[in-house]
Amino acid sequence: MRLLALVLAVGVPLRAGAFTVASGFTEGCHERITLRAFLDFVVALPLDGVALPAETGDDDETWREVARFFGSEFADLAPILADESDVTDEDRFLLMSLLVGVRSPDTEGHSVLNLEALRRLHSDPDPEGQYAHALRGPADDGPEGAVAAVEGTRARISELLSEALAASLRKGAAQLTLGTFYLDFYGRIEIPVNAAFYSLGRAAHAVQDSFSHSVRDEATGYRELVAVLNYIDAIGTNFEEERDGLAHSDSMDDCTAAPGEAGGTVDAAVAATIDLYATLRALRSGLEPHALDAFLGRWFVFREGCTLSDGFCGNTRWVEVLREHQTQPYLEAIFACEARSRPASPAWMVLSVFGGLWMRWARGGHRLRRAPP
């Protein structure tokens, strides 16, 4: 492949956005972390011929349009997705599949403006739905619940990586599957993707979420988890921190700082994503059958015994950060917004939404507040 030589020649400065997926309103942190990791470690799996949609009778132009979207949205990191770039269609198709996969757990093909669909998606009472985002399930109570949540996340990553490995061994049209994707102002589409890289992207999403949905021990390079956040109970009216754990926090999703700032969690998420890529390649080679267990042992060990009273084993500053914008019950959040922003009529809310979109276009995107040093 010519991809490696091109990547080494790019030499672009790297920055990360918030732990969100790209839309008209949000920066694409998951996509950026995925791309940074890809550029640092080119995933050259020894596939026996990468099947393209056109070769199997599937739609060819749609995936190219999606690749162009990613190429324009992340031009500083993904020039290889541009039509004029000096890479093969196979390389471009694999990277496009990876990016569709990494954004899919947050949207499953829905628009970020479809609040009802996204509310149902993220408030899935099935614990597997929460583990896909490295969060506690509804029954994961007390200290034991944090252990269960980490185990559930480990199991989800293992499942997705096993899917990716199995797909990477297929040939021809069997390499392809359909992925759902949403483009602002265009709609929901289904596109053919490489199944191995699509599953790899979904696994990467869970890995990356574990850095914003937990408190990790800074002294270990953010490799050990000392607390796991809770979203499913925090949006209800019966949340109890002592029982349910720390509530999910928007401020923990802030990773707009440059590499080396914001406590290094973004850099650690990139490193873990690179390690995930390397793990799949090691498994695919057949020479390291225990590579997955080794990966989970490096990044998903929960240290028991850390409590709020000791700042979760000395990670007090991260507790302070997450306290700033913790998730509230839906009704409380709505009433709070309404009290601050009267009149909160439907027309006013629609104008606010489109006003926010216009301001993002006008200013070239927004930046969230950085975590303190």
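Every read-out reported here was derived from the displayed coordinates using simple, explicitly stated rules and does not represent laboratory data. Computed from a prediction, not measured in an experiment: that's the story for all the values here. Positions of Cβ are generated from backbone atoms using ideal geometry, with glycine treated the same way; all protein chains shown enter the neighbour counts.
Neighbour counts of other C-beta atoms within 10 Å: give me ARG323, ARG103, ARG303, ARG136 arranged from fewest to most.
Final ranking by Cβ density, sparse to dense: ARG323, ARG303, ARG103, ARG136.
Full extension from ASP89 to ALA155: what is 0.36 nm times the residue separation minus their Cα-Cα distance, to one decimal in nm?
Stretched out fully, the ASP89 to ALA155 stretch lengthens by 20.4 nm.
Run the paramagnetic zone check for GLU241: 7 angstrom along Cα to Cβ, then residues of the range 144-186 with backbone nitrogen under 20 Å.
The answer is 144-147.
If you take the beta carbon distance between ARG303 and SER72 as r and set R0 to 45 Å, what does 1/(1 + (r/R0)^6) give as a FRET efficiency, to the nearest 0.05? Let's see the in-between values first.
On the way: r = 43 Å, r/R0 = 0.94.
After rounding to 0.05, the efficiency reads 0.60.
Just to verify a number: FRET efficiency for ALA166 and ARG188, C-beta to C-beta distance, R0 = 30 Å, to 0.05?
My answer for the efficiency is 0.65.
Fewest first, what order do CYS306, CYS313, CYS29 take by the number of other Cβ atoms within 10 Å? It would help to have the intermediate numbers written out before the result.
Values: CYS306 21, CYS313 18, CYS29 24.
By the 10 Å Cβ count, ascending: CYS313, CYS306, CYS29.
Using the Cα centre as the reference, give the magnitude of the dipole from point charges on the C-beta atoms of the range 290-332 (Lys, Arg: +1; Asp, Glu: -1; all else neutral), rounded to the nearest 20 debye.
160 debye
So how much slack lies between GLU144 and ARG317, counting 0.36 nm per residue of separation and subtracting their Cα-Cα distance, in nm?
Gain on stretching GLU144 to ARG317: 59.9 nm.
Hey, what did the range 192-333 get for relative contact order, percent, Cα under 8 Å, at least 6 apart?
The value is 33 percent.
Kindly put ASP59, ASP244, ASP126, ASP140 in sequence by how many other C-beta atoms sit within 10 Å of each C-beta, fewest to most.
Ranked by crowding around the Cβ, least crowded first: ASP126, ASP59, ASP244, ASP140.
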